[in-house]
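The values are calculated or read from the model by the stated rules, or taken from the named source; none is laboratory data. Computed from a predicted structure; not experimentally measured. Reconstructed Cβ throughout: ideal geometry from the backbone, glycine too, with neighbour counts over all protein chains shown.
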Amino acid sequence: MPSRPGRSKTAQLLGAAGISPDNVVVSYDDSGNLFAARMRWVLNYLGHENAVVLDGGLSAWTKLGKAVTDEPFTLPPTTYAAEPDPNRLATWQYVLDRLADPRLQILDVRPQAAYGGAHPGTFRRAGHIPGALNVDWTTNVLAESPRTFKSLAELQASYDAIGLDRNKEIIVYCVSGVASANTLFVLDMLGYPNVRLYSGSWAEWGNRDDLPFVTGTEPGTFTN
């Protein structure tokens, strides 16, 4: 999403679907608000503020007895005029330049085994960005279907427990910028005012030999 070709392609797809920045877009999935939150972040990044998430997705909708259909719905194509907001995005360079900044907190939302390096996955390096705190994104939602968000009080308690400071800039990341969009949505709901998504996430950081990383269950520190 940070690249200009990616932005252009997304704008083309939105326009082809008949969506304009004036529309209210409701995103939903059946995966604990995972992909819906990512779609909402993409729209927000493109300058589309009228973007919301249907909490619990299709499962929550049908549980309430709401109507569904298998008939496609179409709108006339339009031109989607995207105006990207750079304040919503962090690049690897942006993160690297601020690793020693006490006004910044980094939040890794992968499972602890991936964060600590015990489960490296398919990446060249295992571990996390130095200084990153860790709260698995799945703690944001209920375990059983429909996987709606937990209460605001429960969510706040999760982030208070690791010392996440709403007075600091926060950068969230995961594997590919999808799960971290779910956590960013939660932090927005909780009123954290300055949160960016590192869209490249560990798929980028963990596959580069020139970026620092640490292993273990503690945040670790950055040294030049």
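The conditions of being in contact with a strand residue (DSSP E or B) (Cβ under 6 Å, 6 or more places away or on another chain), assigned to a loop (DSSP other than H, G, I, E, B) and either under 26 Å from residue 147 (Cα atoms) or modelled with pLDDT of 95 or more (or both) are met by residue 55.
Determine if the range 29-47 includes at least one residue that is surrounded by fewer than 18 Cβ atoms within 10 Å (Cβ to Cβ) and free of Cβ contacts under 8 Å to residues at least 60 places away in the same chain. Checked against the condition, which is being surrounded by fewer than 18 Cβ atoms within 10 Å (Cβ to Cβ) and free of Cβ contacts under 8 Å to residues at least 60 places away in the same chain, the range 29-47 yields at least one hit. Under the condition of being among the polar types (S, T, N, Q) and in a helix (DSSP H, G or I), the residues counted in the range 4-35 number 3. Residue count for the range 22-71 under the criterion of being over 20 Å from residue 186 (Cβ atoms) and among the basic types (Lys, Arg): the result is 2. Please count how many residues of the range 84-98 are touching a residue at least 24 places away in the same chain (Cβ under 8 Å) and not in a loop (DSSP other than H, G, I, E, B). Qualifying residue count, the range 84-98: 8. Each residue in the range 168-205 was checked for being within 18 Å of residue 92 (Cβ to Cβ) and not hydrophobic (A, V, I, L, M, F, W, C), and 11 pass.
Taking the listed residues 81, 67, the one that is in a loop (DSSP other than H, G, I, E, B) and over 30 Å from residue 147 (Cα atoms) is 81, with no other qualifying. In the set 183, 223, only one residue is within 18 Å of the chain's Cα centre (by Cα) and either surrounded by fewer than 19 Cβ atoms within 10 Å (Cβ to Cβ) or closer than 22 Å to residue 58 by Cα (or both); that residue is 183. Would you mind stating whether residue 80 is crowded, with 17+ Cβ neighbours inside 10 Å, hydroxyl-bearing (Ser, Thr, Tyr) and either modelled with pLDDT under 95 or more than 21 Å from the chain's Cα centre (by Cα) (or both)? The answer is yes for residue 80.
Screening 153, 157, 114, 161 for residues that are within 19 Å of residue 204 (Cα to Cα) and small (Gly, Ala, Ser) leaves exactly one candidate, 114.
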